[in-house]
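Here's the structure, in structure tokens; my notes come after.
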Amino acid sequence: MTQRESEPWRLPRGDEVETHVPQGIDTSTAHPARMYDYFLGGKNNFAADRQAAELILDVAPEARHVVRANRDFLARAVRCAATEHGIGQFLDIGTGIPAEGNIHEIAQSVYPEARVAYVDNDPIVLAHARALITGDPRGRTTFVQADLRDPEKIVGSPEVRDVIDFGQPVALVLAMVLHFVRDNEDPAGIVARLSAALVPGSVLILSHVTYKTEELKRIAEAVYDRASAPVVPRTHEEIAGLLDGFTPVEPGLVRVSQWRPGPDAPEQTPQELEDTTVFGAVAVKN
């Protein structure tokens, strides 16, 4: 019997690279941002994160493809906001651990002076972000520890307001984060409260997990219930409701792999499309 068979949550020895742990950080409970990093092939994750991620991969091996598709969508969406809507400032809430193609890198490739405020509630995410993120010196970035469920704290943060001018259009990025907000925490209300700080012409970049079957939904919910945040996959109709007050640009709210794929993107089979269990949209504030 192999080690993987006898210890199904344990990874091969070569993958057991523990990242530095800032003082006071609990690594014994899986965290969605670090699980996402593991799905992307990153090393800034811990045993609990890998164990939880492997449980997801056991029933949905396409999860790695899904998070990569979301990452690629985010790059296209940021470029759309910058080039088509002339937006040079981005408020990214639920930042996650830095990976190739960060928002400031994409935005500053269009506007070197672009400004980005990264917000996350996990101190280890911000520790890695501060250490790893560098940008064009003509632009600006800042990192704020705050929770999506407290929008007023975020938009009122002196660090955020030092970088973001809310008197001008802003791109609000809520990528793969609202499905960590329970229904009774009012995700649509959170979006509305964030939107209240934005002038018309601002842009919302949104992506959100859905599900293929009730059984897979139940399994995902059970895994994340043991992590530091729950997951609430939603239907297309429910996700569309989060865009209230915004008008989606073409092609609307679609699977992220269908949102303006590049000319070299391979055509997806119906099964591959169904497996891409994330919807995404770019929408302009009315």
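The values are calculated or read from the model by the stated rules, or taken from the named source; none is laboratory data. From a predicted model like this one, the values you see are computed outputs, not experimental measurements. All Cβ positions, even for glycine, are placed from backbone atoms using ideal geometry, and neighbour counts span all protein chains on display. Side chains are part of the model used for accessible areas, which takes the heavy atoms of the whole protein and leaves out ligands, DNA and RNA. Shrake-Rupley method; radii C 1.70, N 1.55, O 1.52, S 1.80 Å.
Sort 158-164, 175-181, 74-80 by the packing proxy (mean of other Cβ within 10 Å over each peptide's residues), most packed first. Display every interim value, and only then the final one.
Details: 158-164: 16.3, 175-181: 23.6, 74-80: 21.0.
Packing order, densest peptide first, comes out as 175-181, 74-80, 158-164.
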So H85 and A192, fully extended at 0.36 nm per residue minus their Cα-Cα distance, gain in nm 36.4 nm
Whole-Hz ³J(HN,Hα) for each residue in the range 262-267, computed from phi via Karplus 6.51 cos²θ - 1.76 cosθ + 1.60 with θ = phi - 60°, x for glycine and proline: what do you get? x, x, 9, 5, x, 6
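Out of all DSSP beta bridges with both ends in the range 138-286, state the antiparallel percent to the nearest 5. Before the final figure, lay out the partial values.
Details: 12 of 17 bridges.
Once the DSSP bridges in the range 138-286 are tallied, antiparallel ones form about 70 percent.
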For helix 63-85, what angle does its Cα long axis make with the longest principal axis of the chain, in degrees from 0 to 90 and rounded to 10? 10
For a label point 7 Å along the Cα-to-beta-carbon line of E274, residues of the range 196-216 with backbone N under 16 Å: 210-216
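Have a look at the DSSP beta bridges in the chain and tell me what percent are antiparallel, nearest 5. Mind dumping the intermediate values first?
Numbers: 12 of 31 bridges.
Bridges in the chain that DSSP calls antiparallel: roughly 40 percent.
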State the answer as a single residue: which of P233, T269, L253 lies farthest towards the positive end of the charge dipole of the range 224-277, with beta carbon charges of +1 for Lys and Arg and -1 for Asp and Glu, about the Cα centre. P233
Other residues with Cβ under 15 Å from the Cβ of D244 give, with Lys and Arg +1 and Asp and Glu -1, a net charge of 0
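Can you show me the helix-derived [θ] at 222 nm for the chain, built from DSSP H runs with n ≥ 4 at -39,500 (n - 2.57) apiece and divided by the number of residues, rounded to the nearest 500. Mind dumping the intermediate values first?
Values: 12 runs with 110 residues, N = 286.
Counting only the DSSP helices, I get -11000 deg cm²/dmol.
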Per residue, accessible area of the range 130-286 with a 1.4 Å probe, heavy atoms of protein chains only, in Å², comes to 48
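For the ranges 221-231, 94-104, what's the packing order if you count other beta-carbon atoms within 10 Å of each residue, average per peptide, and put the highest first?
On the way: 221-231: 17.2, 94-104: 21.5.
Ranking the peptides 221-231, 94-104 by packing returns 94-104, 221-231.
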Rounding to the nearest 10 and keeping the result within 0 to 90°, find how far the Cα-based axis of helix 47-59 lies from the longest principal axis of the chain. 80
Provide the descending list of Cα extents for the chain along its principal axes, expressed in whole angstroms. 62, 45, 41
With Cα atoms, 0 to 90° folded angle of helix 214-225 axis to the chain main axis: 90
To make sure I understand the rule: partners must be lysines, Cα under 25 Å from the Cα of K153, and not fewer than 8 residues away in the same chain. Which ones qualify? K285
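Quick one: dipole size for the chain, taken about the Cα centre, charges +1 on Lys/Arg Cβ and -1 on Asp/Glu Cβ, in debye to the nearest 20. Working shown, then result.
On the way: 28 positive and 42 negative charges, 98 e Å.
That gives the chain a dipole magnitude of about 480 debye.
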Largest first, what is the accessible-area ranking of Y211, Y118 with a 1.4 Å probe? Y211, Y118
